[in-house]
Amino acid sequence: MQGLKSIPCSILRGGTSKGVFFLSEDLPPSGKERDRIIKAVMGTPDKRQINGLGGADILTSKIAIIGPPSRSDADLDYTFGQVGIAEDTVSYDGNCGNISAAVGPFAIEKGMVKAKAPFTTVKIHNTNTAKIIIARVPVEDGLPKTYGDFKVEGVPGSGAEISLDFSQTVGSLNGKLLPTGQLIETLSIPELGTIPVSFVDIANPVAFVRANDLGLNGWETTDELERNLELLERLERLRGHCALRLGLVAKAEEAFSLSPYVPFLTLLAPAQRHNLHEGTLLDEDAMDLIVRLVGFKRAHKAFPGTGACCVAVAAHLKGSLVHAMLRDPGSVLSRPSVRIAHPNGVLSVKILKDAETGNLEQVSIGRTWKKVMEGVAFF
């Protein structure tokens, strides 16, 4: 009988996600063999991922591959993979902002970036989008700090804050913040009718739609959304037509298999007092608008960091669906941050613009990280 094989890896939490981290030198080059190993390590395909390290959830079935930089303005290369659970897939068609938070600490611990107290700047080249993310990692005694008093909604306890600046990631698809050139598009979709959509692309392309255009109030809990299987099918159909409009697929029905990760389909709703996923009541004064994200025919239990950056930038674009949904547009534009309510709480994104040109100087989120395990995985 053939024996088990093994591969070095680490499990790290970044923000509200958790993933298996590999050094590129320990994996074959990109291709079928590399994907076969990744799926075997994660336990895919299987809805429980019982034979692997995946957590049977879209927030935990993720991987990161870290290696030496392929461009001179970066400290390292980072490739993100969203691994299917029951689906026999590994998708590389976008990045994960939450997993990105753990890349800097991982690289410092591995000696790929020299630690410098009190903060080490790590220039991360995300190969999925060919863009640079700037991570500001707190360091103590030559190692990245884990503990601190910064809290991330959806993560128990607190940790050391890692600042991730996505201002250099505009236009992951075609170099444009508005990938179609329009603030609002109107898509005609069989069985759904005409749906207004705003496409914005910073770090990842996001398709924004109004929840009430789909018969929703927009502050449904994750459980409420996931119980409605017919709704999840309709939303994936809509996401497929968004992928078609962006040129990611030739047919809308191919999106689930060929571009399952992007675009992010994000539902928008006005600020409203409502219950979070765990039952806590959130007051409308704590937020500027409400969002919900659906992908892989599942509801996101929190909200992606890259998606939040798109929300914040779109909030500053007069004429977009996001700007029109703001509780108080004047107040938002005068503040340095946008407060986004998601199923687990509120995520704030800092926006800084050049006073003369209006160009983005900073689009950043605060995240925390934790190393969960380091060793070898058997497959």
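The values are calculated or read from the model by the stated rules, or taken from the named source; none is laboratory data. Fair warning: this is a prediction, and the values are worked out from it, not measured in the lab. For neighbour counting, all protein chains shown are included, and Cβ atoms are generated from backbone atoms with ideal geometry for every residue, glycine included.
Checking Val206 against (1) touching a Ser or Thr at 6+ places or on another chain (Cβ under 6 Å); (2) not in a strand (DSSP E or B), only one condition comes out false. Which one?
Result: Val206 passes all but (2).
Quick test of your reading of the structure: Asp73 fulfils all but one of (1) without any contact (Cβ under 8 Å) to a residue 60 or more places away in the chain; (2) farther than 24 Å from Ser167 by Cβ; (3) not aliphatic (A, V, I, L, M). Name the failing condition by number.
Result: Asp73 fails condition (2) only.
Would a scan of the stretch 332-351 turn up a residue that is free of Cβ contacts under 8 Å to residues at least 12 places away in the same chain and in the same structural domain as Leu235 (by TED's automatic domain parsing)?
Yes, there is a match, as at least one residue in the stretch 332-351 is free of Cβ contacts under 8 Å to residues at least 12 places away in the same chain and in the same structural domain as Leu235 (by TED's automatic domain parsing).
Leu276 - would you say it is in contact with a strand residue (DSSP E or B) (Cβ under 6 Å, 6 or more places away or on another chain), closer than 22 Å to Leu214 by Cα, free of Cβ contacts under 8 Å to residues at least 60 places away in the same chain and not basic (Lys, Arg)?
no
Of all residues in the stretch 178-200, which are buried (at least 16 other Cβ atoms within 10 Å of the Cβ) and within 16 Å of His323 (Cβ to Cβ)?
Within the stretch 178-200, Leu178, Leu183, Glu185, Val197, Ser198, Phe199, Val200 meet the criteria.
So, in the stretch 183-208, exactly how many residues are closer than 14 Å to Gly240 by Cα and out of contact with any helix residue (DSSP H, G or I) (no Cβ under 7 Å at 6 or more places or on another chain)?
Final tally of qualifying residues: 5.
Out of (1) out of contact with any helix residue (DSSP H, G or I) (no Cβ under 8 Å at 6 or more places or on another chain); (2) over 28 Å from Ile202 (Cβ atoms); (3) among the aliphatic types (A, V, I, L, M), the odd one out for Ile99 is which?
Among (1) out of contact with any helix residue (DSSP H, G or I) (no Cβ under 8 Å at 6 or more places or on another chain); (2) over 28 Å from Ile202 (Cβ atoms); (3) among the aliphatic types (A, V, I, L, M), the lone unmet condition for Ile99 is (2).
Can you name the residue in the stretch 19-62 that is among the aliphatic types (A, V, I, L, M) and assigned to a loop (DSSP other than H, G, I, E, B) and is also surrounded by the fewest Cβ atoms within 10 Å (Cβ to Cβ) among such residues?
Ile50
Return yes or no: is Ile85 closer than 18 Å to Ser10 by Cα and β-branched (Val, Ile, Thr)?
Taking the combined requirement at face value, the residue does not satisfy it.
Would you confirm whether or not the stretch 174-187 contains a residue that is at pLDDT below 95, of a type in the set (A, V, I, L, M) and under 28 Å from Gly14 (Cα atoms)?
No, there is no match, as no residue in the stretch 174-187 is at pLDDT below 95, of a type in the set (A, V, I, L, M) and under 28 Å from Gly14 (Cα atoms).
Conditions tested, residue by residue: (1) of a type in the set (Ser, Thr, Tyr); (2) more than 18 Å from the chain's Cα centre (by Cα); (3) more than 18 Å from Lys371 (Cα to Cα).
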position: Ser70; (1), (2), (3): yes, yes, yes
position: Leu76; (1), (2), (3): no, yes, yes
position: Val83; (1), (2), (3): no, no, yes
position: Asp93; (1), (2), (3): no, no, yes
position: Cys96; (1), (2), (3): no, no, no
position: Ile99; (1), (2), (3): no, no, no
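Just the residues that are closer than 23 Å to Pro336 by Cβ and modelled with pLDDT under 95, please, taken from the stretch 287-302.
Hit for the stretch 287-302 is Ala302, nothing else.
Condition check: farther than 21 Å from Leu164 by Cβ and crowded, with 23+ Cβ neighbours inside 10 Å. Does Thr16 satisfy that?
no
Can you work out which of the residues in the stretch 349-366 that are polar (S, T, N, Q) and closer than 14 Å to Val313 by Cβ is nearest to the chain's Cα centre (by Cα)?
Ser364
Out of Gly154, Gly81, Gly104, Gly97, I need the residue that is modelled with pLDDT under 95 and buried (at least 18 other Cβ atoms within 10 Å of the Cβ). Which one?
Answer to the check: Gly154.
Restricting attention to the stretch 208-224, which residues are on the phi > 0 side of the Ramachandran plot and either surrounded by 16 or more Cβ atoms within 10 Å (Cβ to Cβ) or touching a residue at least 12 places away in the same chain (Cβ under 8 Å) (or both)?
Once the filter is applied, which keeps residues that are on the phi > 0 side of the Ramachandran plot and either surrounded by 16 or more Cβ atoms within 10 Å (Cβ to Cβ) or touching a residue at least 12 places away in the same chain (Cβ under 8 Å) (or both), the stretch 208-224 yields only Gly218.
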